[in-house]
1. Around Ala84, with a cut-off of 15 angstrom between Cβ atoms, what is the net charge of the other residues, counting Lys and Arg +1 and Asp and Glu -1?
2. Where Lys and Arg each count +1 and Asp and Glu each count -1, what net charge lies around Cys405 among other residues with Cβ under 11 Å from its Cβ?
3. How would you order 92-101, 387-396 from highest to lowest mean count of nearby Cβ atoms within 10 Å?
4. If packing is taken as the average number of other Cβ atoms within 10 Å across a peptide's residues, how do 286-299, 202-215 rank, most packed first?
5. Sequence-distant or interchain residues sharing an amide H contact under 5 Å with Gly2, placed H: which?
6. Given q = 0.17 Å⁻¹, what are the Debye log10 I(q)/I(0) values for segment 114-160, with equal point scatterers placed on the Cα positions and solvent ignored?
7. Of the cross-linked pairs Lys142/Lys203; Lys136/Lys375; Lys214/Lys426, which ones have a Cα-Cα span greater than 30 Å in the structure shown?
8. Starting from the Cα gyration tensor of segment 78-131, take the square roots of the eigenvalues, sort them a ≥ b ≥ c, and report rounded, prolate or oblate (rounded when a/c is under 1.5, otherwise prolate if a/b is larger than b/c, else oblate).
Amino acid sequence: MGVQIIHADSRIALRDMADHSIDSVVCDPPYALVSIVKRYGKTSMEREGTNEKRARDGSDQLARLTRGFMGKAWDNGDTAFDPAFWEEVLRVMKPGAHLIAFSGTRTYHRLACAIEDAGFEIRDQLAWAYGSGFPKSHDVSKAIDRAAWAEREVVVAGVRSAARPSAPGQSGDKAYRLNADASVTAPATPDASQWQGWGTALKPAWEPIVLARKSLIGTIAANVLEHGTGALNIDACRIHGEDAQGGAYTVKRLKPGATLGKTGGNWRPEEGGVEYHGEMKPGRWPANLIHDGSEEVLETFPQSNGQAGAVTGKEPSSKTRNVLGLYNDRATAEPRGDSGSAARFFYSAKADADDRLKSKHPTVKPVDVMAWLVKLITPPGGVCLDPFAGSGTTGMACLREGFDCILIEREAEYIKDIEYRLAHVKGEDLPLFSADETSQPADLFSAEPA
């Protein structure tokens, strides 16, 4: 199959898909970050007709109010917050198949509830932490002065910067000028002075991700053997660190015949026994936190030494350990392994040029992040579904990791983005655009209009 692109509304396209045919779902639905009133307007909501259609057609003077995030009409919860939609997704998934869906911090509850109400079991909430977020806050002091028609004194004017780094996928640096809001101004009225420094939003630094699962049939063992779904691929997603010798960590085990200490705590081999180190595991256990490795994120984690030294139970103790005011004085064991930011315990995926590749989509996710998530929940040879394909990052991840993928995208403007980015992964992006931008490399993908 490779990657199949379906240009259609996912609510319609899913109806033609067979029951129990999908091994995993990894997607990034619209977050619906703009309020209903701003999207539709009070008057517009009361009028007959489909709000979304009127927004697309620009059929009245309130149509502009229906534009969501980055001015996009698709930024609404009509699909992602509808349990009926997720019931269709549930139907096409195999028993035990997992679903991963990104969301926004303000609207996560709507998405999670819709998925749960459709019949999924919520297994966890993952967090994607990043340092690139920019606060979209409203300056209360300036708003008060504007309402009073008071002109503020400019203390530090916005300046023209020589250049800014180009975005991923773009070449060269671009010159830019700070806008008027970048100027530092002084309050012009007493009321504005009182509310100087107050805003309406925090800097976005993370996004919640739903991890859900379709119900098993029987036990986990039976479901995995019958359908190949139900479990997470832990070893494929382990976190590698500098303290891993050969990319693996030693897992401590008791030597056969040895017993635990009386408290059930420290490993205490029987007399004559030796502490036994068993099989090697390739990295740390994956966590429900992932991050972009940026300086902003790393600064939020404390410095942490590696694993503490082993306690064998034979360390020398003070003869006065029971004397009032004195405590057991065992020798200090040196930490084992690496040291540094505790961020190293979590998966890190840094954005690169492949993450945008000329795409005009406003919410492109890093390919490495999507690849890690796809590996986590998709069995070998499995089919992954993304009903909100957007710029096609899930398809890129599946191509890179060797999974089949079905991408459903409603917006025509992003279909070419998907085709180009998939061609790049296949190493065929030059034939795609070198001569004729409408040409397509043969056998790269199949695109089906609905």
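1. Value of the local net charge: -3.
2. Values: positive: Arg400; negative: Asp23, Asp386, Glu401, Asp404.
Residues close to Cys405 contribute a combined charge of -3.
3. Going from most to least packed, we get 387-396, 92-101.
4. Working: 286-299: 16.6, 202-215: 18.6.
Final packing ranking: 202-215, 286-299.
5. Cys405
6. For segment 114-160 at q = 0.17 Å⁻¹, log10 I(q)/I(0) is -0.77.
7. In this structure, Lys136/Lys375; Lys214/Lys426 lie more than 30 Å apart at Cα.
8. The shape class here is oblate.
Every number in this text was worked out from the coordinates using simple rules, so none of it is lab data. It should be emphasised that the depicted structure is a prediction, and the values quoted were computed from it without experimental measurement. Heads up, the Cβs are rebuilt from the backbone with ideal geometry, glycines too, and the neighbour counts pull from every protein chain shown.
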